[in-house]
Amino acid sequence: MRYLPLTDEDREEMLRKIGVNDINGLFADVPAQALLKAPVDLPPRQGEMEVERIMAEMAAKNLSPSTSPSFLGGGAYRHHIPATVDYMIQRGEFLTAYTPYQPEVSQGTLQVLFEFQTQVALLTGMEVANASMYDGATSAAEAVMMANRVTRRERAVIAGGLHPHYREVTETHAKYLGFEIVSPEPNANGDSMDELISLIDDKTSCVMVQTPDVFGNLYDLTKIAEAAHEKGALLIAVNTEIISLGLLEAPGNQGADIVAAEGQSIGNPLGFGGPYVGLFATNPKYVRQMPGRVCGETKDVEGKRGWVLTLSTREQHIRREKATSNICTNSGLCALAFSIHASLLGDEGIKRLARTNHANACTLADMLAKVSGVEVLNKTFFNEFTVKLAKPAGEVVEKLASKGILGGIPLSRLFPGNADFTNMMIVAATETNTVKDMEALTAALKEIL
Amino acid sequence: MSTIKFTKDHEWVSVDGDVATVGITTYALEQLGDLVFVEVPDAGKSVSVGEEAAVVESVKAASEVYAPVSGEVVEGNQAIADDPAQVSGEAGSDGWFFKIKMSNTSELDGMMNDAEYDEYLGTLD
Amino acid sequence: MSDMSQGRTNVPVAGSQQPKTVTISGSKGLEFDEPLIFEMGEEGRTGVDINPVEISDSRLGGLTRKENVGLPGLSEPQIVRHYTRLSQKNYGIDSGFYPLGSCTMKHNPRVNEKIARMRGLGDLHPLQPQSTVQGALELIDTLAHWLKTLTNMPAVAMSPAAGAHGELCGMMAIAAAIKARGENRTRVLVPESAHGTNPATAAACGFTVDSIPATAKGRVDIAAFKAKLGPDVAGIMLTNPNTCGLFENDIIEIADAIHEAGGYFYCDGANLNAICGRVRPGDLGIDCMHINLHKTFSTPHGGGGPGAGPTVLSEALAPFAPVPYVIHDGNSFKLVEDVNEADGVPFGRLKGYHGQMGMFTRALAFMMSHGADGLMQASGDAVLNANYLRASLGDILSVSFDGLCMHEVLFDDRFLKDTGVSTLDFAKAMIDEGFHPMTMYFPLVVHGALLMEPTESESKETLDLYIKTVRGLAEKAKAGDAEFFHDAPRHTPRRRLDETAAARNPVLRWKPQ
């Protein structure tokens, strides 16, 4: 086996040193009836070429968004990733290192995390950020649980426009920890901030609002932040398209206390939904209640600046059942990809990228609005909006797929059972979409509708 | 004149009338290592014996300081919250955590004196 | 006071007065002193070429950003150099021996990276019509089949994103099963040697944690365990092989007892590498176990993640598996995403979309490369390597528990008694010798733990050099050269760092001067 360096001679010599006769002798503590005598019923070892072939066969059965006009968003976006990103993250010293618990031999990862935390803080307009969470949905759920700890309250008000997966993850935790979730019905035309404000009472720990929301609508958070703070509650701002913050006002500048976001759009491929990188930012006064790992600056014995993982007393290996969260991993390599791409972009790049996304989405919206049987619902959007079709969106999307076009996400996929949404789909355009792509979509829709 | 008592949880209790001043012992400090964070209770909080009253953290350990007696917190030591290095294992020193106005002084009866605490430490690993 | 961990110094010990190499630039040969990107950026520079576009703000609701983000401007060559230099300050499994106990740092084959990036896998959108991702669903189903076969378990929840997330999945399934039975069981038994995530997970599911002591042989004290059983016990969370690197001999008896008491058996699968392909957890009576794909099946640790923690479930727990999951209806694969569409009664959803697909691809490639026979050989070699370390170091270090170990071997700090050298000092000295340190101060059941896990990836030559080095350092410590250890490491980009200062006044981001 190509990955195993021991030779049979090595094994024999080592067994002699240990004082057992054969490999099975090493498993003497295993109850005899549970020790297998022969390999399990799975295929035998295969060479690299054979494995590649099997996987390529499975890959060939899928419709690749790289080779087809694709307008899918819904919290996961196709963006161009500079070649430098994927090259750098495959350097073995980054790729194959463990969590940087030994700071003297992990300054590379640690400095990256410190830079990442700063980039996330700058983008979100917050003071501090952690070293990342599993994904945007888990960030959002952790944000609610953190707000519950900070306020010692157990009632979360959640906007109807929150991505349904984010809501479901939060609800799963609520079920087990016993906190309450209050929420208006989702509305593709957008949440009413006044209605949300009316739901905040003095038992409310937080209000969670996504902007752009899952339908693409944008919100000014200033007023709801004030209303939340008046009742002693925190405002959690959710963002599923982080590139939007190259163009839109940062939630931190609108009064958010916690920002929970998905960072996939910067540096990370779609990858059929994971691994992604959850972003989590807050204010310094809450930092000891913040979940997840965090890297901090310090000095070594020679007085040189260096970095360490810090505030680890919040974590499980010390706090055990009293830890702030059970999460003990971050999305390290995805955070590295995010950080490298964000470094390549810089201020000018993120601004231009965001503007290109918005411009392309505007072009697409204008083109689709001219198709009979298509109505664009949004008054505001960044790079994604909702359209109402003359036919059930699920069927339309399947027909588009049969023409090799990934046209949008039917809302019935995200909100199953909601009859109001049957004919609606969300459509996204990024810098990767050409006018030719858009023409293909509009032409196909004209045929189908 | 105050009396000094010790608990098995490595707290020192300095009793003056019905007010108990509570800190953690040198042994506890050595176990924790350098402290980096301290949270003390607000005045007016009522606590019962054994209840979590303060939090103390070093780089690699976190711990609760339990109320050794029941009563009402009359003061939390803001000086150690601002600078955890000021925490002192010396009983009766300025490095205390909180003061409790005791509701039941008989709770002091089970505690150890200086010599008994030393003996207790000797039984530990 | 409560929960005190073993005291150990984290403040750097003052270094001895060795002559320092001073250079003008601050760099030393191949070791570069690298500033932060924020200290290198200039306005007007960029690492991407994107043409400016005119936009109208009529659809932005007056919400445009007023100020610049503040990201530094850097060109592509500067970026490449920056991250190359940073990478050189890291120790990876590619660099050398990484015997970090309980972390399973094994070789990460590059073909897995290549496959994960294939067109049609790495670029799929998670919400494409299911008819367009049949190959991806087949891949998930194939991996699920391998995991179920290797563990002899009937079901697997694929979505958990990491080991601790898989723990959450398992414990939530247990809580749901108990609720479905109309019972109220609130207590979970956790051995004191457990990973810290176990009690944290139990608490996150609303359970209270009751600790079980270990015996002098490093196993669960079965009498104490049985004495704690009762009608309020929801289950036990047991790591097997346990964190001392030992197989729990009484595991079948433990499973029978917990089941008899009406509870469930959660097995922490962190140490699956010891038994993969040789012992099937389903044959031991467990009800659920997470599998760290980033350990046993070699998806790269990536400096702290991402991981993946699929969780196998018994018949009793399978109906409660979270959404989404893949089924095959005879003609095609189907992803069940809607709770109401499910056959069972899913307890909910754990993350966005369908799981860590990029990790699934890599793990399946790793498993297929090994095959059933190769996986059996790999766990055998992992256990052989660990026992070789035990046999070769047992006389000079202090082995915590007698007898054979599994894939990792636990030592404690008795061999350092009265030397003035701590476990931490000893580990830091290993760094200067070119090795990554072993796991220190875990598990908590012994004093000053040193936990070594060599994995199957190491050659005998590497192990022999490591053994020679550890022996040499142990002799040096015993000879009284404490100063040497207090000074270590000397040959690293940074020497010991002041963790106390970092935690007292947290500086968590760069700010302009």
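Answer with yes or no whether C:A180 is touching a helix residue (DSSP H, G or I) at 6+ places or on another chain (Cβ under 9 Å), more than 7 Å from every other protein chain (Cβ to nearest Cβ) and among the aliphatic types (A, V, I, L, M). Here the answer is yes, as C:A180 does meet what is asked. Could you list all residues from region C:92-121 that are in a loop (DSSP other than H, G, I, E, B) and hydrophobic (A, V, I, L, M, F, W, C)? Scanning region C:92-121 gives C:I93, C:F97, C:C103, C:M105, C:M118, C:L121. Listed by first and then second residue, the pairs with beta-carbon distance under 6 Å, at least 6 apart or on different chains, first residue in region C:117-139 and at the interface with chain A (Cβ under 7 Å from one of its Cβ atoms), second of a type in the set (D, E, K, R) and part of a loop (DSSP other than H, G, I, E, B), are C:Q134/A:K61; C:G135/A:K61.
Evaluated against (1) hydroxyl-bearing (S, T, Y); (2) surrounded by fewer than 24 Cβ atoms within 10 Å (Cβ to Cβ); (3) within 7 Å of chain C (Cβ to nearest Cβ), A:T151 falls short on exactly one condition, (3).
The listed residues are C:A214, C:A180, C:A176, C:A200, and the only one of them that is buried (at least 24 other Cβ atoms within 10 Å of the Cβ) and either within 22 Å of C:H294 (Cβ to Cβ) or touching a residue at least 40 places away in the same chain (Cβ under 8 Å) (or both) turns out to be C:A200. In the condition set (1) small (G, A, S); (2) within 12 Å of another protein chain (Cβ to nearest Cβ); (3) touching a Lys or Arg at 6+ places or on another chain (Cβ under 7 Å); (4) over 21 Å from C:A382 (Cα atoms), C:A270 is compliant with all but (4). For region C:345-361, does any single residue satisfy the condition of being surrounded by 18 or more Cβ atoms within 10 Å (Cβ to Cβ), more than 7 Å from chain A (Cβ to nearest Cβ), outside any strand (DSSP E or B) and of a type in the set (A, V, I, L, M)? No - not one qualifying residue is present in region C:345-361.
Might you check whether a residue that is part of a strand (DSSP E or B), over 18 Å from A:V287 (Cβ atoms) and either at pLDDT 95 or above or among the basic types (K, R) (or both) occurs anywhere in region A:160-179? There is no residue in region A:160-179 that is part of a strand (DSSP E or B), over 18 Å from A:V287 (Cβ atoms) and either at pLDDT 95 or above or among the basic types (K, R) (or both). Within region C:258-301, the set of residues being at positive phi and surrounded by 24 or more Cβ atoms within 10 Å (Cβ to Cβ) comprises C:G277, C:S298. Within the bounds of region C:336-355, is there any residue that is out of contact with any Lys or Arg (no Cβ under 6 Å at 6 or more places or on another chain) and under 22 Å from C:G196 (Cβ atoms)? Scanning region C:336-355 turns up at least one residue that is out of contact with any Lys or Arg (no Cβ under 6 Å at 6 or more places or on another chain) and under 22 Å from C:G196 (Cβ atoms). One residue stands out in region A:3-53 among those that are among the basic types (K, R) and touching a residue at least 12 places away in the same chain (Cβ under 8 Å): the one that is nearest to C:T361 (Cα to Cα), namely A:R45. Looking for whichever is at pLDDT below 95, under 30 Å from C:F411 (Cα atoms) and out of contact with any strand residue (DSSP E or B) (no Cβ under 6 Å at 6 or more places or on another chain) here; the options are C:H195, C:H107. Which one fits? Answer to the selection: C:H195. Contact map, region C:401-420: residues that are without any contact (Cβ under 8 Å) to a residue 12 or more places away in the chain paired with residues that are in a strand (DSSP E or B), Cβ distance under 9 Å, separation 6+ or inter-chain. Pairs shown: C:K417/C:S398.
The values are calculated or read from the model by the stated rules, or taken from the named source; none is laboratory data. Just so you know, these numbers come straight off a predicted model, no measurement behind them. Heads up, the Cβs are rebuilt from the backbone with ideal geometry, glycines too, and the neighbour counts pull from every protein chain shown.
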